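Chemist: First, the structure itself, so that you have it in front of you.
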Amino acid sequence: MMRRRPSTIPLIAMIICLTIVMFFIYSPAAMIDSYQGLMADCDLESVNSLAKLEQDDPCLLSLIRDRYLHRPSEKKLNLDAPIVDNPSMGQSQSILDILGKNKENGFFIECGALDGQVRSNTLFMEQHLGWQGVLIEADPKNYKKLLEKNRRSWSVPACLSTSPTPKTVVFKQAFNMGRISSNQESHQNKRPDADDINYVQVQCFPLFSILSALNKTQIDYFSLDIEGDELQVLKTVPWNRVDIKTLSVEFIHGREGKEQLKTYMEQQGYQVVKTITHWNMLANDFIFKKIS
Ligand SMILES: *[C@@H]1O[C@H](CO)[C@@H](O)[C@H](O)[C@H]1NC(C)=O
């Protein structure tokens, strides 16, 4: 005769019910707790240390918004020298040839923005055509001068990452020739050189992270002049998530050479419209236009 085993089914059903009830009682609290736990770990040190991080990671965007994104000035423009018509060495003029001489209310990205005035590729558009944009400048000395100009654009005291994640780098300060130092090890804690070159530690963000923090993906003009890391920065851009109509990109200092830069941009759907040069090396830029 078969012995009837006590059924385990009611017991399992009870455990399931109890679990569901407990879930509804405790889950909101638990979710808030774990959210706060996550945000408690949300600092630069932790995002910088991650080998893999989405470029629009919520923690990263909140850090950029809270600490790096400076609002456009509402004060009167405060330029150093008498205003020249357009301080750009030809890049800005060529971009307006493409977009239309009187193209109004566009949005730009300028990096390095220097002091916001000297050879600025975007000042004319902001001053005379109602454009706004984001000025990105890594050198704290230049950035301080930039803020004093009261530009009517967003600004960010940081460098653009040469990889798809945020990181800190050693930056060589040299006014218009400053750049991410090619030797990231040896300059740490180094005193200023006799020739007044300083090395500072600077935070870098991927361009798309800065744009995401601004909620901006439609860009009319991107001016990129960072003394050698241009191609590496461009390679971090998720081109299918942004719409950048035109760019001027300096090509003279890049290790890979200008042909590689041109080829890479062609692969992203751009065409070189013009090459800008200057007798005194003050411009060596490709003007790119998106082929729509
Ligand atoms: C972008 O959008 C977020 C979320 O909607 C908002 O909190 C933030 O203030 C916006 N930032 C800017 C610069 O508009």
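Chemist: Take the residues in the range 144-160 that are of a type outside the set (A, V, I, L, M) and crowded, with 24+ Cβ neighbours inside 10 Å; name whichever of them is nearest to residue 218 (Cα to Cα).
Modeler: Ranking the candidates gives 153 first.
Chemist: Is it the case, given these coordinates, that residue 263 is in a loop (DSSP other than H, G, I, E, B) and either of a type in the set (S, T, N, Q) or free of Cβ contacts under 8 Å to residues at least 40 places away in the same chain (or both)?
Modeler: no
Chemist: So which residues in the range 122-138 are of a type in the set (Gly, Ala, Ser) and within 21 Å of residue 157 (Cα to Cα), if there are any at all?
Modeler: 133, 138
Chemist: What is the number of the single condition among (1) assigned to a loop (DSSP other than H, G, I, E, B); (2) closer than 21 Å to residue 246 by Cα that residue 78 does not meet?
Modeler: So the condition that residue 78 fails would be (2).
Chemist: Name, by its number, the condition in (1) under 22 Å from the mean Cα position of the chain (by Cα); (2) surrounded by 15 or more Cβ atoms within 10 Å (Cβ to Cβ); (3) at pLDDT below 95 that does not hold for residue 255.
Modeler: If we test residue 255 against (1) under 22 Å from the mean Cα position of the chain (by Cα); (2) surrounded by 15 or more Cβ atoms within 10 Å (Cβ to Cβ); (3) at pLDDT below 95, just (2) comes out false.
Chemist: Still on this structure, I have one more. Could you check the range 84-95 and list, in sequence order, the residues that are out of contact with any Lys or Arg (no Cβ under 7 Å at 6 or more places or on another chain) and surrounded by 14 or more Cβ atoms within 10 Å (Cβ to Cβ)?
Modeler: Listed by number, the residues that qualify are 86, 90, 91, 92, 93, 95.
Chemist: Restricting the search to the range 226-243, which residues are assigned to a loop (DSSP other than H, G, I, E, B), at pLDDT 95 or above and under 19 Å from residue 287 (Cβ atoms)?
Modeler: Scanning the range 226-243 gives 237, 242.
Chemist: In the range 95-109, how many are assigned to a strand (DSSP E or B) and either among the aliphatic types (A, V, I, L, M) or modelled with pLDDT under 95 (or both)?
Modeler: Number of matching residues: 1.
Chemist: Given the criteria hydrophobic (A, V, I, L, M, F, W, C), over 23 Å from the mean Cα position of the chain (by Cα) and surrounded by 16 or more Cβ atoms within 10 Å (Cβ to Cβ), does residue 98 qualify?
Modeler: Yes; evaluated as a whole, the condition is true for this residue.
Chemist: OK, next. Looking at the structure I just gave you, is residue 246 of a type in the set (Val, Ile, Thr), surrounded by fewer than 18 Cβ atoms within 10 Å (Cβ to Cβ) and either without any contact (Cβ under 8 Å) to a residue 60 or more places away in the chain or in a strand (DSSP E or B) (or both)?
Modeler: Answer is no for this residue.
Chemist: Okay, moving on. Just checking, which of 73, 92, 62, 88 is in a loop (DSSP other than H, G, I, E, B) and modelled with pLDDT of 95 or more?
Modeler: Checking each option against the conditions leaves just 73.
The values are calculated or read from the model by the stated rules, or taken from the named source; none is laboratory data. Every value quoted in this text rests on a predicted model; they were computed, and no experiment measured them. So basically every Cβ, Gly included, is an ideal-geometry build from the backbone, and we count neighbours across all protein chains shown.
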